[in-house]
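*Asks:* Here it is: the structure, laid out below.
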Amino acid sequence: MGTMRSLRFISAEALVSHPQVARQSLDSVAYNLYPLLFKASYLLEQAEVTRAVLRRWPLEEFRLGALLGPSADHPQDLRDRACRACLEALVRGLADHVLQDRSRRRLRVADLTGIRDVQVQRCPCGRALGKWGRTRLLARTCCELQAEPLAAERPVEVLADLFVTEGNFEAVVQALRPAGPAPLRVHCPSFRADSLSPSQLLHVLRLAGPGALRKLEVVHNVRLHAGHVQQLLAQVGFPRLASLTLPTKAFDAPPACASTPDGEDRLLASIARELSKMTQLTELSVAFSRLTGKIPTLLGPLQTPLRVLDLANCALNHADMAFLADCAHAAHLEVLDLSGHNLVSLFPSTFFRLLGQAARTLRILTLEECGIVDSHVGMLILGLSPCHRLRQLKFLGNPLSARALRRLFAALCELPELRCIEFPVPKDCYPEGAAYPQDELAMSKFDQQKYDEIAEELRAVLLRADREDIQVSTPLFGSFDPDIQETSNELGVFLLQAFKTALENFSRALRQIE
């Protein structure tokens, strides 16, 4: 990574390092230096300066991703710093900007998208503000500004990726549907929902400007059935949607039509029709929905080839696999997840035909818990050998021996773009003769010393082939998901608080008895 900073950026850093001087001299700084002052204040975590820079922002546009990305003045990329202090200062500065008198307000568009949430925060304070926290901060700020008696004749358009749960739902609804004039108008290119009821989801999405929405993720604790999905797609409508993720069991029949297979089929056909109206849809994730025999109905009508397809644990059958192997999507797939299906033992010809079709485009392939055993490795090597674009291969939960893994790794070294392998705990690490464990708890009880030895051997295979550029790991409890990480903490805090309150009440009651 080049770190050659320009003289202009070094000067900006020097000024920002003296917050009081910086704030006093902002009025005499040339407009085209503001982007540098912003990035320098963000880099050095001078939150007061960040806020002041936003307050006086002299340009019509503020685009966070572009400002934090690499530039000629400062090649370092700061987009993976979701620094809490800086982001809070930024939003406060935005509020200050719209509250000042009209002659000083230049800003028309504030694009707050472009932050990447990562596991290890590189900012000096190390405290992150995740997507959920950013959503709540922006929503609360909007609500506070709505209460201000100010002219909102020209509101600032704010673009933000929203993550909505029960915990911030009310504030988000108020921010998206102001009762009166609002100085900040929120538009959202991407929307993630968790822990909402179907009616709350419908309500908030109608307000979120579905006509412009590009990415919709409905996950985990939103209990949708096929009737809700049909209603959502038909009544709300997402003409520009490029990426759709639906939660577990989203294609289960609603209670009313569970007994009539034709009613169920009509519902699925209707959902497929709505999906086919989305002419920009290229990413579809429907993991953990029972879709046995339904893939041709669901994917057949789509107008655009899919680049991302997640069908993990969808109970696919032979007809589904045959459709996938020969459909128009196959030759465009870049990301494919078929976890939870015994592909090699049940559908060898269609699975390998699908791999052959996708070989020229495929970048990420996930085959977790697919019942791949030692005797399948030869076929798997043949199937993967034409996949020259493959960057990541994930196949946790398959009962393979160390010997089979060494053979597979030697073959994977031939794939020039490969950078990441997630491999299962070798079956040698579990007691001899025992069945390969299926649940996380049993899976985590293995011979760690033996695992370390085998992992070292596998790294040696890569090293001998001069492929130390490939990262290998066994993330037993799944890969890092920043959104789940953030909201599970919220739930944990909530439960601890409830427990603490209960203890306080209990001890108060004890004192009264005494």
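The values are calculated or read from the model by the stated rules, or taken from the named source; none is laboratory data. Just so it is clear, the model here is predicted, and its values are computed rather than measured. FYI the Cβ positions are ideal-geometry reconstructions off the backbone, even for glycines, and counts take in every protein chain you see. Ligands, DNA and RNA are excluded from the accessible area calculation, which covers all protein heavy atoms including side chains. Shrake-Rupley method; radii C 1.70, N 1.55, O 1.52, S 1.80 Å.
*Asks:* Please work out which residue is most open to solvent (accessible area, probe 1.4 Å), limiting yourself to region 201-217 and to residues that are in a loop (DSSP other than H, G, I, E, B) and small (Gly, Ala, Ser).
*Replies:* Gly209
*Asks:* Then there is this: Can you name every residue in region 46-59 that is closer than 13 Å to Ala12 by Cα and assigned to a loop (DSSP other than H, G, I, E, B)? Steps first, please.
*Replies:* Keep residues of region 46-59 that are closer than 13 Å to Ala12 by Cα, which gives 46, 49-50, 53.
Hit for region 46-59 is Gln46, nothing else.
*Asks:* Now a separate question. Would you confirm, using the coordinates I've provided, whether Phe62 is open to solvent by less than 10 Å² (accessible area, probe 1.4 Å), aromatic (Phe, Trp, Tyr), in a helix (DSSP H, G or I) and at pLDDT 95 or above? Break it down stepwise before answering.
*Replies:* Working: open to solvent by less than 10 Å² (accessible area, probe 1.4 Å): yes; aromatic (Phe, Trp, Tyr): yes; in a helix (DSSP H, G or I): no; at pLDDT 95 or above: yes.
For Phe62, the condition - open to solvent by less than 10 Å² (accessible area, probe 1.4 Å), aromatic (Phe, Trp, Tyr), in a helix (DSSP H, G or I) and at pLDDT 95 or above - is not met.
*Asks:* Is there a residue in region 245-258 that is out of contact with any strand residue (DSSP E or B) (no Cβ under 7 Å at 6 or more places or on another chain), surrounded by fewer than 16 Cβ atoms within 10 Å (Cβ to Cβ) and within 25 Å of Ile364 (Cα to Cα)?
*Replies:* Step one: filter region 245-258 for residues out of contact with any strand residue (DSSP E or B) (no Cβ under 7 Å at 6 or more places or on another chain), giving 248-258.
Among the residues that remain, those that are also surrounded by fewer than 16 Cβ atoms within 10 Å (Cβ to Cβ) are: 249, 255-256, 258.
Narrowing further to those that are within 25 Å of Ile364 (Cα to Cα): 249.
Yes, there is a match, as at least one residue in region 245-258 is out of contact with any strand residue (DSSP E or B) (no Cβ under 7 Å at 6 or more places or on another chain), surrounded by fewer than 16 Cβ atoms within 10 Å (Cβ to Cβ) and within 25 Å of Ile364 (Cα to Cα).
*Asks:* Okay, moving on. For region 362-410, how many residues are assigned to a helix (DSSP H, G or I) and not acidic (Asp, Glu)?
*Replies:* So in region 362-410, the residues assigned to a helix (DSSP H, G or I) come out as 374-384, 402-410.
Narrowing further to those that are not acidic (Asp, Glu): 375-384, 402-410.
Summing the residues that are assigned to a helix (DSSP H, G or I) and not acidic (Asp, Glu) in region 362-410 gives 19.
*Asks:* Follow-up. Taking region 82-138 only, how many residues are of a type in the set (A, V, I, L, M, F, W, C), within 19 Å of the chain's Cα centre (by Cα) and surrounded by 13 or more Cβ atoms within 10 Å (Cβ to Cβ)?
*Replies:* Just the residues of region 82-138 that are of a type in the set (A, V, I, L, M, F, W, C), to begin with: 82-83, 85-87, 89-91, 94-95, 98-99, 107, 109-110, 112, 115, 118, 120, 123, 125, 128-129, 132, 137-138.
Narrowing the set further to residues that are within 19 Å of the chain's Cα centre (by Cα) leaves 82-83, 112, 115, 118, 120, 128-129, 132.
Checking which are surrounded by 13 or more Cβ atoms within 10 Å (Cβ to Cβ) leaves us with 82-83, 112, 115, 118, 128-129, 132.
Qualifying residue count, region 82-138: 8.
*Asks:* For region 186-195, give me each residue that is at pLDDT below 95 and either among the small types (Gly, Ala, Ser) or over 21 Å from Gly167 (Cα atoms) (or both).
*Replies:* Ser195
*Asks:* Say whether the condition of being in contact (Cβ under 8 Å) with a residue 40 or more places away in the chain, touching a strand residue (DSSP E or B) at 6+ places or on another chain (Cβ under 7 Å), open to solvent by less than 40 Å² (accessible area, probe 1.4 Å) and not aromatic (Phe, Trp, Tyr) is met by at least one residue in region 296-308.
*Replies:* Yes, some residue in region 296-308 is in contact (Cβ under 8 Å) with a residue 40 or more places away in the chain, touching a strand residue (DSSP E or B) at 6+ places or on another chain (Cβ under 7 Å), open to solvent by less than 40 Å² (accessible area, probe 1.4 Å) and not aromatic (Phe, Trp, Tyr).
*Asks:* Of all the residues that make up region 218-244, how many are out of contact with any helix residue (DSSP H, G or I) (no Cβ under 8 Å at 6 or more places or on another chain), open to solvent by less than 30 Å² (accessible area, probe 1.4 Å) and not aliphatic (A, V, I, L, M)?
*Replies:* The total comes to 1.
Conditions tested, residue by residue: (1) in contact (Cβ under 8 Å) with a residue 60 or more places away in the chain; (2) part of a loop (DSSP other than H, G, I, E, B); (3) of a type outside the set (A, V, I, L, M, F, W, C).
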site	(1), (2), (3)
Ser195	yes, yes, yes
Ala234	no, no, no
Pro247	no, yes, yes
Ala250	no, yes, no
Glu264	no, no, yes
Leu267	no, no, no
Leu284	no, no, no
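*Asks:* Still on this structure: I need every pair where a residue in region 312-333 that is closer than 12 Å to Leu299 by Cβ and open to solvent by 10 Å² or more (accessible area, probe 1.4 Å) has its Cβ under 9 Å from the Cβ of a residue that is modelled with pLDDT of 95 or more and among the aromatic types (Phe, Trp, Tyr), sequence separation at least 6 or different chains.
*Replies:* What qualifies is Leu316/Phe347.
*Asks:* Taking region 376-405, which residues are within 25 Å of Phe477 (Cβ to Cβ), of a type outside the set (A, V, I, L, M) and surrounded by fewer than 21 Cβ atoms within 10 Å (Cβ to Cβ)?
*Replies:* Arg391, Gln392, Lys394, Pro399, Ser401
*Asks:* Being of a type in the set (S, T, N, Q) and surrounded by fewer than 20 Cβ atoms within 10 Å (Cβ to Cβ): is that true of Ser339 here?
*Replies:* On the way: of a type in the set (S, T, N, Q): yes; surrounded by fewer than 20 Cβ atoms within 10 Å (Cβ to Cβ): no.
No.
*Asks:* Within the group Ile454, Ile470, which residue is touching a residue at least 40 places away in the same chain (Cβ under 8 Å), open to solvent by less than 50 Å² (accessible area, probe 1.4 Å) and closer than 14 Å to Ser401 by Cα?
*Replies:* Checking each option against the conditions leaves just Ile454.
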